1. Just a yes or no: is a residue in the stretch 97-108 aromatic (Phe, Trp, Tyr) and surrounded by 17 or more Cβ atoms within 10 Å (Cβ to Cβ)?
2. Restricting the first residue to the stretch 69-94 and requiring it to be under 20 Å from residue 107 (Cα atoms), which pairs with a second residue that is modelled with pLDDT under 95 and exposed (fewer than 11 other Cβ atoms within 10 Å of the Cβ) meet a Cβ separation below 7 Å and a spacing of at least six or different chains?
3. With respect to residue 68, determine if the residue is more than 17 Å from residue 26 (Cβ to Cβ) and either under 16 Å from the mean Cα position of the chain (by Cα) or at pLDDT 95 or above (or both).
4. Can you report the number of residues in the stretch 101-124 which are touching an Asp or Glu at 6+ places or on another chain (Cβ under 8 Å) and small (Gly, Ala, Ser)?
5. For the stretch 28-59, give me each residue that is in contact (Cβ under 8 Å) with a residue 60 or more places away in the chain, buried (at least 17 other Cβ atoms within 10 Å of the Cβ) and either among the aliphatic types (A, V, I, L, M) or assigned to a loop (DSSP other than H, G, I, E, B) (or both).
Amino acid sequence: MNKQNICSCVVASLLSVTASSWAQTSVALGRADFKDNCASCHGHSGRGDGPVQSFLVKRPSDLTTITQRHGGKFPQELMWEVIDGRWSGDGGPHGSREMPVWGQEFKARAMTQPGDSATIAEWSARHRIVSLLQYLETIQRP
C-alpha cells in the first residue's frame, strides 16, 4: 500500500468515527445550542416565552408547533433556511431578519484559530444546524 492510500484510509476512518459519534450526539448538541443561543428569546420550552421576548418588536415563534403549522410534517428544508439565514443575502448578525443569522455565526465561531479551514468551519456550522433541527423535532407537540 502506498503512502497516499494509507493517508486516505486514515482520513476516511477518522471521518467515519467522527461522523458516527456526532450523529449519536446530535440531539444533545442541538439541545445545548438551543439552550445557549435560542432560549433567551424562544424560552427553555421553545414556546416563545424567553426572558428577552418582552423587549423584542415581534414575539418569538412557538417552536413546539412547527409540525402542527405545516400539516403534521416537520419542514426540514424551510427550518434549515430560517436557522441558517445566509440565503437572505443580508449582512450583519441579524440583517433585516428578526433573529440572528446562525449559519454565519456558527461558522465564525468554528474559525477561532488562525489557519482554521473554512471548509471545516462550514461543515461544523452545518452540523450544528442539523443538530438544532433534530432537537426541534423532539419538542414538537401533537
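The values are calculated or read from the model by the stated rules, or taken from the named source; none is laboratory data. As the structure is a prediction and not an experimental result, all values here were calculated from the model. Neighbour counts are summed over all protein chains in view; Cβ atoms, including those assigned to glycine, are modelled from backbone coordinates with ideal geometry.
1. Yes.
2. These pairs meet every condition: 90/96.
3. It is true that residue 68 is more than 17 Å from residue 26 (Cβ to Cβ) and either under 16 Å from the mean Cα position of the chain (by Cα) or at pLDDT 95 or above (or both).
4. Residues flagged as touching an Asp or Glu at 6+ places or on another chain (Cβ under 8 Å) and small (Gly, Ala, Ser) within the stretch 101-124 amount to 2.
5. Correct list: 29, 46.
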